[in-house]
Amino acid sequence: MATFTLDAIRQAADAKYGSTDIDLGDGTTVILRNPLRLSKEERTELASLQDNLDTEDEGVDQADVLADAIRLVAKDKRPVEKLIKLIDGDLALLAQVFESYSAGTQVGEA
């Protein structure tokens, strides 16, 4: 029979379903949580935001939706607001941040 400690299980989950971390270069790190580490309500909201990205609705501001998605998955609000301010509405940068986050979460998703 195999026996595991809760700490060992936590370490394994952290390794498999870890965050995507963005170093802002000034000692600030933005931690973007893996979708499996979000609450059910946050996962539902993230799915809704992702649906908005896929829409053909011209009234949807892609930069706002991406920024909202990044804010949602961020562990701490102060660092993510700093990141969003530094990006300054640049859609390409927002898309790259979200793409990097999405690629990092694909490895561990069930």
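Data table
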item	result
Cross-chain or 6+ apart pairs with Cβ under 6 Å, the range 59-86 first and under 22 Å from S39 (Cβ atoms), then polar (S, T, N, Q)	V65/N52; P79/T28
A63 being in a helix (DSSP H, G or I) and open to solvent by less than 60 Å² (accessible area, probe 1.4 Å)	yes
Residue in the range 48-57 that is among the β-branched types (V, I, T) and either open to solvent by 60 Å² or more (accessible area, probe 1.4 Å) or without any contact (Cβ under 8 Å) to a residue 60 or more places away in the chain (or both) present	yes
Hey, E41 part of a loop (DSSP other than H, G, I, E, B), on the phi < 0 side of the Ramachandran plot and either surrounded by fewer than 17 Cβ atoms within 10 Å (Cβ to Cβ) or of a type in the set (S, T, Y) (or both) or not	no
Neighbours by Cβ (under 6 Å, 6+ apart or cross-chain): first from the range 1-17, without any contact (Cβ under 8 Å) to a residue 40 or more places away in the chain and loosely packed, with under 10 Cβ neighbours inside 10 Å; second outside any loop (DSSP other than H, G, I, E, B) and among the basic types (K, R)	none
Filtered residues of the range 27-37 (kept if within 25 Å of L86 (Cα to Cα) and surrounded by 13 or more Cβ atoms within 10 Å (Cβ to Cβ))	T28, T29, V30, I31, L32, R33, N34, P35
Members of the range 66-110 found to be in a loop (DSSP other than H, G, I, E, B), more than 19 Å from T28 (Cβ to Cβ) and open to solvent by 70 Å² or more (accessible area, probe 1.4 Å), listed by number	V107, E109, A110
Number of positions in the range 47-102 that are of a type in the set (V, I, T) and modelled with pLDDT under 90	2
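The values are calculated or read from the model by the stated rules, or taken from the named source; none is laboratory data. Model, not experiment: these values are computed from the prediction. Please note: Cβ atoms are built from the backbone with ideal geometry, for glycine as well, and neighbour counts cover all protein chains shown. To get the accessible areas, we keep the full protein, side chains included, count just its heavy atoms, and leave off ligands, DNA and RNA. Shrake-Rupley method; radii C 1.70, N 1.55, O 1.52, S 1.80 Å.
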